[in-house]
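Novice: Structure incoming, see below.
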Amino acid sequence: MYKIRYILPCLLLSAILCQCRSAKSIAKENNDGWVSMFNGKDIKDWTTKIHHYEVGDNYGDTFRVEDEIIKVRYDQYEGDFNERYGHLYYNTPYSYYHLVVEYRFVGELHPGAPSYTIKNSGVMFHSQDPRTMPKEQDWPISVEMQFLAGLEEGKSRPTGNMCSPGTDVVYKGKIDPRHCINSSSKTYFGDQWVRAEAIVLGDSLVTHIVNGEEVLQYTKPQIGGGVANGYDPAIKVDGKLLKEGFIALQAEGQPIDFRKVEIKNLKGCMDPKAKNYRDYYVEPDPTACKY
């Protein structure tokens with residue numbers, strides 16, 4: 001039953017992967033659905049939410065743009081880190097899409113940040129709206145594609161893992177109780193740039209890709225589990241499938257750079273007669289059709 005239920009999303013994913021890999025350069029030249037979420041100049045299309053502060057308060061200029069890069073820095077913080085976990089949200093929610101983020105770790109962990117956040121960051125998706133987060137909520141209810149870098153030679157520390165603040169996912173046919181599920185990626189050391197991709201198909205199939213290699217798959221992202229604290233109980237409806245949500249870059253004590261954040265929307269008008277028909281859509285949205 002499980003195999004039958006998910007065969008269609010898997011076939012759709014195969015088609016998406018083939019198309020994206022074979023037409024990567026053409027897509028950029030022809031603007032074939034790819035949209036840059038970061039304009040290289042500012043973060044006016046984004047909203048910050050940092051633990052202990054109101055939504056929109058970019059405390060200490062945590063998220064800043066320099067040299068056409070989104071930089072996460074803590075040099076203007078007073079005192080220790082004090083659990084000031086931060087997230088930078090793109091202002092448009094998505095449901096079916098292909099996301100690309102290029103990142104690199106730099107500098108040293110800010111004093112007072114937990115040791116597990118050394119060379120640790122990520123991108124959140126299917127996240128709750130930051131405007132629904134109380135001042136003292138630490139983590140958004142969301143799914144995270146976790147970014148890690150190696151700490152010791154010879155010791156594996158994969159990146160592109162799945163973490164689940166306030167959520168659950170189905171992994172290998174059943175809800176996995178772990179907060180984080182490791183990917184099969186290589187370990188990347190130092191300050192090298194790493195390309196991370198997520199293909200998110202609503203509340204069905206999610207695939208993580210690191211430097212062109214598929215490293216993790218899971219299904220049915222949904223509200224549940226623990227880790228997130230201080231949320232509005234009305235928001236956390238355990239068992240509710242997450243079909244869409246916001247995308248956010250993470251700041252949790254480790255300086256990091258993001259030089260590329262691009263998205264290809266996979267939901268839209270699938271009527272060939274419409275002016276805005278696109279052959280790469282996999283989820284129909286008849287209301288979007290224009291004739």
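The values are calculated or read from the model by the stated rules, or taken from the named source; none is laboratory data. Nothing here was measured: the structure is a model prediction, and the numbers come from that model. Backbone-built Cβ (ideal geometry, glycine too); neighbour counts: all protein chains shown.
Novice: Can you pull out the residues in the range 128-160 that are over 18 Å from Ile181 (Cβ atoms) and polar (S, T, N, Q)?
Specialist: Once the filter is applied, which keeps residues that are over 18 Å from Ile181 (Cβ atoms) and polar (S, T, N, Q), the range 128-160 yields Gln128, Thr132, Gln137.
Yes/no per residue for (1) over 22 Å from Tyr280 (Cα atoms); (2) touching a residue at least 60 places away in the same chain (Cβ under 8 Å):
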site: Asn182; (1), (2): yes, no
site: Leu201; (1), (2): no, yes
site: His208; (1), (2): no, yes
site: Thr219; (1), (2): no, yes
site: Gln222; (1), (2): yes, no
site: Gly226; (1), (2): yes, yes
site: Gly230; (1), (2): yes, yes
site: Ala234; (1), (2): yes, no
site: Gln250; (1), (2): yes, yes
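Novice: Would you be able to say whether some residue in the range 240-254 is among the aromatic types (Phe, Trp, Tyr) and closer than 30 Å to Trp193 by Cβ?
Specialist: Yes, there is a match, as at least one residue in the range 240-254 is among the aromatic types (Phe, Trp, Tyr) and closer than 30 Å to Trp193 by Cβ.
Novice: Then there is this: Here's a check for you: in the range 105-134, which residue that is charged (D, E, K, R) and closer than 30 Å to Lys267 by Cα is surrounded by the fewest Cβ atoms within 10 Å (Cβ to Cβ)?
Specialist: Arg131
Novice: From the residues in the range 185-207 that are among the small types (Gly, Ala, Ser) and touching a Pro at 6+ places or on another chain (Cβ under 7 Å), which one is nearest to Tyr218 (Cα to Cα)?
Specialist: Here the residue is Ser204.
Novice: Here is a follow-up. For the subset of the range 39-82 comprising residues that are part of a strand (DSSP E or B) and of a type in the set (Ser, Thr, Tyr), which member is nearest to Ser115 (Cα to Cα)?
Specialist: Ranking the candidates gives Thr48 first.
Novice: Another question, then. Here's a check for you: in the range 227-270, which residue that is on the phi < 0 side of the Ramachandran plot and β-branched (Val, Ile, Thr) is surrounded by the fewest Cβ atoms within 10 Å (Cβ to Cβ)?
Specialist: Top of the filtered list is Val237.
Conditions tested, residue by residue: (1) within 25 Å of Ser115 (Cβ to Cβ); (2) in contact with a helix residue (DSSP H, G or I) (Cβ under 9 Å, 6 or more places away or on another chain); (3) modelled with pLDDT under 95.
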{"position": "Lys186", "(1), (2), (3)": "yes, no, no"}
{"position": "Phe189", "(1), (2), (3)": "yes, no, no"}
{"position": "Thr207", "(1), (2), (3)": "no, yes, no"}
{"position": "Asp232", "(1), (2), (3)": "no, yes, no"}
{"position": "Ala248", "(1), (2), (3)": "yes, yes, no"}
{"position": "Arg278", "(1), (2), (3)": "no, no, no"}
{"position": "Tyr291", "(1), (2), (3)": "no, no, no"}
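Novice: Among the residues of the range 229-244, is there at least one that is β-branched (Val, Ile, Thr) and within 23 Å of His98 (Cα to Cα)?
Specialist: No - not one qualifying residue is present in the range 229-244.
Novice: Kindly list the number of the only condition in (1) acidic (Asp, Glu); (2) buried (at least 23 other Cβ atoms within 10 Å of the Cβ); (3) in a loop (DSSP other than H, G, I, E, B) that fails for Glu144.
Specialist: It is condition (3) that Glu144 fails.
Novice: Quick check on the range 73-80. Is at least one of its residues buried (at least 22 other Cβ atoms within 10 Å of the Cβ), of a type in the set (Lys, Arg) and in contact (Cβ under 8 Å) with a residue 24 or more places away in the chain?
Specialist: No: the range 73-80 contains no residue that is buried (at least 22 other Cβ atoms within 10 Å of the Cβ), of a type in the set (Lys, Arg) and in contact (Cβ under 8 Å) with a residue 24 or more places away in the chain.
Novice: On the given criteria, is Gly166 under 19 Å from Gly245 (Cβ atoms) and either without any contact (Cβ under 8 Å) to a residue 40 or more places away in the chain or in contact with a strand residue (DSSP E or B) (Cβ under 6 Å, 6 or more places away or on another chain) (or both)?
Specialist: No, not satisfied.
Novice: For the range 179-291, which strands (runs of 3 or more DSSP E) that fit wholly inside it have 1 or more residues that are among the small types (Gly, Ala, Ser)?
Specialist: Strands (runs of 3 or more DSSP E) meeting the threshold: 194-201, 246-251.
Novice: Looking at the range 175-190, is at least one residue surrounded by 17 or more Cβ atoms within 10 Å (Cβ to Cβ) and touching a Lys or Arg at 6+ places or on another chain (Cβ under 6 Å)?
Specialist: Scanning the range 175-190 turns up no residue that is surrounded by 17 or more Cβ atoms within 10 Å (Cβ to Cβ) and touching a Lys or Arg at 6+ places or on another chain (Cβ under 6 Å).
Novice: What is the residue count in the range 258-277 for residues that are in contact (Cβ under 8 Å) with a residue 40 or more places away in the chain and of a type outside the set (D, E, K, R)?
Specialist: The qualifying residues number 5.
Novice: Name the residues in the range 83-97 that are assigned to a strand (DSSP E or B) and among the aromatic types (Phe, Trp, Tyr), would you?
Specialist: Within the range 83-97, Tyr89, Tyr90, Tyr94, Tyr96, Tyr97 meet the criteria.
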